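**Q** Sharing a structure, written as structure tokens. Questions coming.
The values are calculated or read from the model by the stated rules, or taken from the named source; none is laboratory data. Since this is a predicted model, take the numbers as computed values, not measurements. Cβ sites come from the backbone with ideal geometry, for glycine too, and all protein chains shown count toward neighbours. Heavy atoms of the whole protein, side chains included, go into the accessibility calculation; ligands, DNA and RNA do not. Shrake-Rupley method; radii C 1.70, N 1.55, O 1.52, S 1.80 Å.
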Amino acid sequence: TAKEVFPIIYQYYLDKADNLLEVPGVPDFDGVKKYLHQSQEYATTRVMKAIIKSRLDAINLMVLLYKADVAASKDSPEDLKAARGYLKEALSYQMDELESTRIKKKAEAVKLKLEGLKSSAAKTAEDKKE
């Protein structure tokens with residue numbers, strides 16, 4: 001029956017996703033997500049579905065934080081605004097209080113960096129007028 005077979009297929013795809021994470025180098029997140037989505041089709045319990053959702057959220061969160069870090073390192077107003085957007089989106093995922101606090105601190109640092117950049121640009125424009 002489906003109740004007997006689906007958990008086996010679910011675990012098969014889950015194992016395939018895990019194996020992609022064990023490959024040396026940068027993980028193939030697209031491949032991992034593909035297998036997790038396939039596994040999700042065979043999840044028969046709330047626990048199975050929660051495991052898949054948690055893993056997908058963790059990958060999405062990692063990617064958003066990476067994008068935010070890269071954008072924040074570029075020091076342009078557009079990039080800093082993009083970093084703030086990535087961090088805001090990251091906060092929409094389920095996470096523990098420690099992770100949430102860490103992301104909020106990053107967002108505050110990016111905000112301060114953007115304000116400093118705007119202040120510096122205003123000062124430079126003011127100096128040119130003199």
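**Q** Return the residue satisfying two criteria in turn: it lies in segment 93-109 and is aliphatic (A, V, I, L, M) and more than 19 Å from residue 63 (Cβ to Cβ), and of such residues it is least open to solvent (accessible area, probe 1.4 Å). Walk me through how you get there before you give the answer.
**A** Pass one, segment 93-109, residues aliphatic (A, V, I, L, M): 95, 98, 103, 107, 109.
Still in the list and also more than 19 Å from residue 63 (Cβ to Cβ): 98, 109.
Working: 98: 139, 109: 56 Å².
Applying the filter and picking the extreme gives 109.
**Q** A follow-up question, please. Taking helices (runs of 4 or more DSSP H) that fall entirely within segment 20-130, which contain at least 1 residues that are more than 28 Å from residue 7 (Cα to Cα) and either modelled with pLDDT of 95 or more or in contact with a Lys or Arg (Cβ under 8 Å, 6 or more places away or on another chain) (or both)?
**A** Working: elements: 29-40, 46-72, 77-90, 97-129.
Ranges flagged: 46-72, 77-90, 97-129.
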